[in-house]
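Asker: My questions will all concern the structure given below.
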Amino acid sequence: MSAALSHPLITDLRILLSERFTQPQTIDTPILSRKTIPTGVPEWDAQTEGLRLGEITEIFGNLGGTSLIMDALLESSARAGWLGAWVDAGDSLEVEDWPSAQLRRLLWVRCSGALTAMKAADLLLRDGNSSWIILDLQGVPPIELRRISGSHWHRFHRVVERQQNALVVLTSTPSVEGAKVRVVSQTEWTLDSLETARTDLRTHAAVQVFVRGRSTYWIQDRKTA
């Protein structure tokens, strides 16, 4: 085993996966097609038939807007009973901000940097027991993000295509080379947003979707929540 893969976190993660999953699980919940899972955002689902399995989707923008998108995804995933994982590169996920029902079937992997998070995501993708993996790089400094070589993303593209799971990468700026779908949060927050329910904020969220090979498509044109 190389030094890179012998990190204590990765070792512990290997043990956890081997103990919890003695054989690969399958996605047996009805979905829009065998290649997608619903995002919980109707207009996004209408354009791409949901979060695409076998592909990498990048979501970026301000933290508040990104959290609204993830709220929809987590709610939809929990309702369908899908198993997922949240790889937290900056150990910054505030689990108290999310309903426990949304996190019940989500493995939280707490990391202390982008490199360790990339290794953990790689292991989870190859393990094949999660229908989707969230790689949260939002708390990673831009200089550290730029150190992630394109070869990492190309390898991830090959893995998700083979395993037919989905990788969702959260970033502060566009960083994922070759992403098939990019979702940009453009919601502008006001002081009133702090006192507004998250479900209500979602109805006013401004999100822009870029699909490779297609023109820009607006999900919402209202930018203030």
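Asker: At what distance in nm do the modelled label points of Leu63 and Glu94 sit from each other, each positioned 7 Å from its Cα along Cα→Cβ?
Answerer: 0.7 nm
Asker: Only bridges whose two residues both fall in the range 35-218 count here: according to DSSP, what percent of them are antiparallel, nearest 5?
Answerer: Beta bridges within the range 35-218, antiparallel portion: roughly 25 percent.
Asker: A follow-up question, please. Within a 10 angstrom radius of the beta carbon, how do Phe60, Phe210 rank from fewest other beta carbons to most?
Answerer: With the sparsest Cβ surroundings first, the list reads Phe210, Phe60.
Asker: Follow-up. Is the range 35-218 best put as rounded, prolate or oblate by its Cα gyration tensor, with a ≥ b ≥ c the root eigenvalues, rounded for a/c under 1.5, and otherwise prolate when a/b is larger than b/c, oblate when not?
Answerer: Verdict is rounded for the range 35-218.
Asker: Taking the Cα centre of the range 39-96 as the origin, how large is its charge dipole in debye, to the nearest 20, when only Lys and Arg (+1) and Asp and Glu (-1) carry charge on their Cβ atoms?
Answerer: Dipole magnitude for the range 39-96 comes out near 180 debye.
Asker: Using 0.36 nm times the number of residues separating Arg110 and Glu49, minus their current alpha carbon distance, what extension gain do you get?
Answerer: Taking 0.36 nm per residue and subtracting the Cα distance, the gain is 18.9 nm.
Asker: Take the alpha carbon gyration tensor of the range 70-139, find the square roots of its eigenvalues, order them as a ≥ b ≥ c, and report rounded if a/c is under 1.5; if not, report prolate when a/b exceeds b/c, else oblate.
Answerer: Verdict is oblate for the range 70-139.
Asker: Going by a ≥ b ≥ c, the root eigenvalues of the Cα gyration tensor, does the range 120-160 fall in the rounded group (a/c under 1.5), the prolate group (a/b larger than b/c) or the oblate group?
Answerer: oblate
Since every read-out is calculated from the coordinates, none of them should be taken as a lab result. Keep in mind the model is a prediction, meaning the values are calculated, not measured. Heads up, the Cβs are rebuilt from the backbone with ideal geometry, glycines too, and the neighbour counts pull from every protein chain shown.
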